[in-house]
1. Need the list of aspartates and glutamates near K97 for cross-linking: C-alpha distance under 14 angstrom, and skip anything on the same chain fewer than eight residues off.
2. Name the lysines eligible as straight-distance cross-link partners of K8: C-alpha to C-alpha under 23 Å, and not fewer than 8 places from it in the same chain.
3. Quote the FRET efficiency, to the nearest 0.05, computed for A38 versus E121 with a Förster distance R0 of 30 Å and r equal to the Cβ-Cβ distance.
Amino acid sequence: MQIEDKPKFDSPFEWIGGEEKVKALVDRFYDLMEIEPAYAVLRAVHGNTLDNARQRLFWFLCGWLGGPQHYTDRFGNPMLRARHLPQSIGGHSIGIKERDQWLACMDQAMGETGVDEALRERLRDSFFKTADWMRNRGEAG
């Protein structure tokens, strides 16, 4: 690797701009979920309030992006799939439609909060892999 090939940032967390930018991204993601009809199916699986989901996604993304481990410090291993199983307390049925709406909503939030395009592209791929793995229902609806 040439010195000019070295990434400018040590982690995606640093690249995105730290906690303030992660918080802005998460807030925009959930705001969009509330107001955009295109995300109605996704919104419906979140219950009456998004406050808990907002906080937990913020904590999770900070660590997932290589920053502070707020989520694991509080709850241990995220065990994402287990925590989202339909039969678990607060778990949800996640199919293709929910996956695709989550990805579209997050991509829109990344665009609207100014996530660097190169990082956005990398995150899109990583989010897809994670979101697809989270599905616990095969059909679209």
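Each reported figure results from applying straightforward, stated rules to the coordinates on display, with no laboratory input. Since the structure is predicted, the reported quantities are computational estimates derived from the model, not experimental observations. No Cβ is skipped: glycine too gets one built from the backbone with ideal geometry, and neighbour counts run over all protein chains shown.
1. D132, E139
2. K21, K23
3. Efficiency computed from Cβ-Cβ geometry: 0.90.
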